[in-house]
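Just below is one structure, and these are the notes that go with it.
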Amino acid sequence: MKTQITEWLLEVERFTTTNSKDLEDFRVKFLGKKGHLAHAFEAFKNIPPEERKEYGQHVNNLKSKVNDKIAELRASIDRSSTTGSDTTKDIDLTAPVDIHDLGSRHPLSIVRKDIIKIFERLGFYVSDGPEIEDDWHIFTALNFPQDHPARDMQDTFFIEKKPDIALRTHTSSVQVRVMQNNSPPIRTISPGRVFRNEAISARAHCIFHQIEGLYINKDVSFADLKQTLLYFAQEMFDKDTHIRLRPSYFPFTEPSAEMDVSCKLCKGKGCNICKYTGWVEILGCGMVDPNVLENCNIDSSIYSGFAFGMGVERMTMLKYDIKDLRIFFENDLNFLKQFASL
Ligand code: PHE
């Protein structure tokens, strides 16, 4: 019987398999009711008493080797079934993939980026400033007379109990900061959110976005302003775009103008977008008033400059033929997803 056990031990040692069925057969063969170990224990009674101790150790050794072998093979079969080849046949490689819902840029972000890129090509750099500003940066430095209606509660959101602090009504306030902290030449554009106390309608909102530009150097002329804006309009819309400057008024520029571009929809023939005039107004501009330069410690006898400002909502409405600006703030996915590839 002892030699038999040694043979079984060898068999256990050599045994290996990668499938559960063979392992189960192996288990039954050794540990089953009529298995080898049952036989070995059965034979116990026929062993002479003085050899029983040694024999017992032999059988127990065999039993624990069998258990170890089963545990080891079971673990390796389990491992390969979770990572490996056995189950790949259960995966349908032809099944369609889950489509990830990709986000899209907001149309206002797309147009803001387009505008910034055009001016960056001309050497302008982007400047940023606070949305909550003091009266000096929003109005006083920009040559607004003390009793100017734009300071009126109707247009400006003032911070309660702090009459000197308000939400900026334009990003010209950023340009004041740039002029204070830099010496000419200055070429900067200031994109950002602005706030005006206006009733919300298809054409106006109390929060909107602006991009304002400023160029200050020696001998800057109105011709420079005109050429810069013509270049901008033709880059933004198309090469056939014409511009028209109409006299206007802003406290911080002299002379001041409003700029129209030829209607891209009807090519100047007249349609409901341009109200049958052939022209659409897109921005305000002018030569920086010498008082503004002096307020910001720039010598107006040496330097001159031009400034312009436009609404991003308005540019976006024109570019994508959008009739109501409230849709920009509604987070309507059907609207936003149309801009997914831009
Ligand atoms: N700041 C003006 C506005 O908010 C726009 C503007 C900027 C006009 C620069 C002229 C020059 O309406």
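The values are calculated or read from the model by the stated rules, or taken from the named source; none is laboratory data. Since we're looking at a predicted model, the values are computed, not measured. When we count neighbours, we look across all protein chains shown, and the Cβ atoms used for this are built from the backbone with ideal geometry, even at glycine. Accessible surface is based on the protein model in full, side chains and every heavy atom, while ligands, DNA and RNA are left aside. Shrake-Rupley method; radii C 1.70, N 1.55, O 1.52, S 1.80 Å.
Within segment 193-200, can one find any residue that is within 14 Å of the ligand (Cβ to nearest atom), touching a strand residue (DSSP E or B) at 6+ places or on another chain (Cβ under 7 Å) and not β-branched (Val, Ile, Thr)?
yes
Taking the options Ile322, Ile302, name whichever one is out of contact with any strand residue (DSSP E or B) (no Cβ under 6 Å at 6 or more places or on another chain), open to solvent by less than 30 Å² (accessible area, probe 1.4 Å) and either more than 15 Å from the ligand (Cβ to nearest atom) or among the charged types (D, E, K, R) (or both).
Matching residue, one of Ile322, Ile302: Ile322.
Which of (1) within 14 Å of the ligand (Cβ to nearest atom); (2) of a type outside the set (A, V, I, L, M, F, W, C); (3) loosely packed, with under 15 Cβ neighbours inside 10 Å; (4) in the same structural domain as Asp155 (by TED's automatic domain parsing) does His209 not meet, given it meets every other one?
All conditions pass for His209, except number (3).
Looking only at segment 1-31, count every residue that is without any contact (Cβ under 8 Å) to a residue 24 or more places away in the chain, surrounded by 14 or more Cβ atoms within 10 Å (Cβ to Cβ) and either in contact with a strand residue (DSSP E or B) (Cβ under 6 Å, 6 or more places away or on another chain) or not acidic (Asp, Glu) (or both) and tell me the total.
Residues in segment 1-31 being without any contact (Cβ under 8 Å) to a residue 24 or more places away in the chain, surrounded by 14 or more Cβ atoms within 10 Å (Cβ to Cβ) and either in contact with a strand residue (DSSP E or B) (Cβ under 6 Å, 6 or more places away or on another chain) or not acidic (Asp, Glu) (or both): 1 in total.
In contact (Cβ under 8 Å) with a residue 60 or more places away in the chain and surrounded by 14 or more Cβ atoms within 10 Å (Cβ to Cβ), is that true of Ile70?
No.
Given Met317, Met310, which one is in contact (Cβ under 8 Å) with a residue 40 or more places away in the chain and open to solvent by less than 50 Å² (accessible area, probe 1.4 Å)?
Residue meeting the stated conditions: Met310.
Based on this model, can you work out whether Phe119 counts as of a type in the set (Phe, Trp, Tyr) and over 16 Å from Ile211 (Cβ atoms)?
Criteria not met by Phe119.
Counting only residues that are aromatic (Phe, Trp, Tyr), closer than 22 Å to Lys117 by Cα and more than 14 Å from the ligand (Cβ to nearest atom), which one in segment 221-278 is most open to solvent (accessible area, probe 1.4 Å)?
Tyr231
If only one of Asp147, Asp164, Asp155 is within 11 Å of the ligand (Cβ to nearest atom) and out of contact with any Leu (no Cβ under 6 Å at 6 or more places or on another chain), which one is it?
The unique qualifying residue is Asp155.
Please find, among Ser201, Ser248, the residue that is among the hydroxyl-bearing types (Ser, Thr, Tyr) and over 34 Å from the mean Cα position of the chain (by Cα).
Ser248
From (1) within 14 Å of the ligand (Cβ to nearest atom); (2) at pLDDT 95 or above, pick out the condition that doesn't hold for Asn217.
(1)
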